[in-house]
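Single-structure report; data block below.
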Amino acid sequence: MEGRPAESIRQVVGKFSRVELDGVCLQQNRPVYLALNKPRGVVSATTDRRHTTVLDLIDHPEKHDLHIAGRLDFNTTGLVLLSNDGAWSRRLSLPESKLAKTYEVTVAAALNADYVAAFQRGIYFAYEDIITQPAQLEIVSPHEARLTLVEGKYHQVKRMFGRFQNEVLSLHRVSVGPIALGDLEPGQCRELSEAEIGETGGLVASV
């Protein structure tokens, strides 16, 4: 296994371990890390009987082994990460990772400095009895902003703006940690670079 003889039944064989017997390869799985630009109206799921899923958009030989590392709502667009490396996906999702996620937001009512201060302090969610972690809000125009969060509560962005009775008209995720959407067109995907994989704790050496 991995160029070393098996000497004990206690040796751990991982999902991405290379295993040979008498020169015949029995296992050589390759870790896959993808970035997808999810369009509006596509569900962040691997199967769905009624709607197009993110997997339906992907043309990859190992697509059916992929799972989603961080979902987006039905009408939210932008960066979705997929992988067959479960440990990597779980690590990205851990609250203590505090991985920054940046969104472009369009709202119905005009924004002002009160939003910036409130988002920095944290917004109280009565249902969970919590205050959100400090978030950075950059006002781009009266109705547009860039928002960076380090957590992902249920419908968090809409609920944060909802404290001001301000409806979110569109929400677009542009980055997760060091991974940026870049110039990917809606529905397109790409493999992550070795740098992106390494910075997020993936298996660079095996890619």
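Scan (1) under 22 Å from residue 133 (Cα atoms); (2) in contact (Cβ under 8 Å) with a residue 60 or more places away in the chain; (3) not small (Gly, Ala, Ser) for the single condition residue 98 breaks and write down its number.
In the conditions (1) under 22 Å from residue 133 (Cα atoms); (2) in contact (Cβ under 8 Å) with a residue 60 or more places away in the chain; (3) not small (Gly, Ala, Ser), residue 98 misses (2) alone.
What are the residues in region 49-73 that are in a loop (DSSP other than H, G, I, E, B) and surrounded by 13 or more Cβ atoms within 10 Å (Cβ to Cβ), if any?
52, 54, 58, 60, 62, 66, 69, 70, 71, 72, 73 - these are the residues of region 49-73 that are in a loop (DSSP other than H, G, I, E, B) and surrounded by 13 or more Cβ atoms within 10 Å (Cβ to Cβ).
Residue by residue through region 183-207, note down the ones that are assigned to a loop (DSSP other than H, G, I, E, B), in contact (Cβ under 8 Å) with a residue 12 or more places away in the chain and farther than 16 Å from residue 70 by Cα.
Passing the criteria: 184, 185, 186, 187, 188, 203, 207.
Taking residue 47, is it among the β-branched types (Val, Ile, Thr), over 17 Å from residue 190 (Cβ atoms) and at pLDDT 95 or above?
Answer is no for this residue.
Return the pairs, sorted by first residue and then second, in which the second residue is acidic (Asp, Glu) and modelled with pLDDT of 90 or more, the first residue lies in region 25-48 and is farther than 20 Å from residue 85 by Cα and part of a loop (DSSP other than H, G, I, E, B), the beta carbons are less than 9 Å apart, and the residues are 6+ apart or on different chains.
Correct list of pairs: 42/56; 48/56.
Go through the residues of region 123-142 one by one and say whether even a single one is within 30 Å of residue 190 (Cα to Cα) and in a loop (DSSP other than H, G, I, E, B).
yes
Might you let me know whether region 178-190 holds any residue that is of a type in the set (A, V, I, L, M), modelled with pLDDT of 95 or more, surrounded by 18 or more Cβ atoms within 10 Å (Cβ to Cβ) and closer than 30 Å to residue 123 by Cα?
yes
Given the structure, is residue 146 of a type in the set (D, E, K, R), modelled with pLDDT of 95 or more and part of a strand (DSSP E or B)?
Spelling it out, residue 146 is indeed of a type in the set (D, E, K, R), modelled with pLDDT of 95 or more and part of a strand (DSSP E or B).
I'd like the residue in region 128-158 that is over 23 Å from residue 92 (Cα atoms) and in contact with a helix residue (DSSP H, G or I) (Cβ under 9 Å, 6 or more places away or on another chain) and, out of all such residues, is surrounded by the most Cβ atoms within 10 Å (Cβ to Cβ).
Checking each candidate, the answer is 145.
The values are calculated or read from the model by the stated rules, or taken from the named source; none is laboratory data. Everything numeric in this text was worked out from a predicted model, so none of it was measured. Methodologically, a virtual Cβ is constructed for each residue, glycine included, from the backbone with ideal geometry; neighbour enumeration extends over all protein chains shown.
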